[in-house]
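Notes to accompany the following structure.
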Amino acid sequence: MIVKYLLNIPIFLLITFSCSTDKIDLESERRQVIKVLDDFILAHETKDLDLLSSCFSDKPDILILGTDKDELWVDKKSMVDAQKRAYEAFDKIKLSVRDKVLKMDRSGISAWFYMKVDWFVESKGEKYKFDDVRTTGVLENAAGKWRIVQIHTSLPVEGKAVSY
């Protein structure tokens, strides 16, 4: 009889300690993630390197992929350095975001997003417009702060590259 109860103890302990009593307020976490994404856009429009930097994780294993062939950064510092040069070359930046989709991990630890961004840039009197820049990424919640750990931007080709 005692053996029967002893065998049930590990099962009871597993159930008790694997079920967290802390409830994650996913709506609150979602608002925090949206704030980071809004700050990311605002940082570009105001050319605020400190704000841009604050959107990204300090972890050494982040990944940032831009639309240009040489825009691949695997750390925040090199991305910020490159963005500083870009901001110095741009007189004006205006972004328009639409079709934003945000998914949250139920644990409140990670989130991923998609959004289309139209870029309007003025540089040395020339105006440039890049429509429908697809922007996707992953954010991670570390120590109660949401930060981007991966982001990828791309420009879609017109039509189909290969018919199918």
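Laboratory data are not the source of any read-out in this text; all were calculated from the coordinates shown. As the structure is a computational prediction, the values presented were derived from the model and not from experiment. Here the Cβ positions follow ideal geometry from the backbone for every residue, glycine too, while neighbour counts run over all protein chains shown.
Numbers at a glance
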quantity: Rg/Rh for the chain, where both radii come from Cα atoms and Rh is the Kirkwood radius; calculated: 1.17
quantity: Angle in degrees between helix 2-18 and the longest Cα principal axis of the chain, rounded to the nearest 10; calculated: 20 degrees
quantity: Helical mean residue ellipticity (222 nm; -39500 (n - 2.57) per DSSP H run of 4+; nearest 500) of the chain; calculated: -11500 deg cm²/dmol
quantity: Cα-Cα over 27 Å, subset of 76/160; 84/129; 23/76; 23/47; 69/124; calculated: 76/160; 23/76; 23/47
quantity: Efficiency of FRET between residue 54 and residue 30 - r from beta-carbon atoms, R0 22 angstrom, step 0.05; calculated: 0.70
quantity: Angle between the chain longest axis and helix 76-89 axis [Cα atoms, degrees, rounded to 10]; calculated: 20 degrees
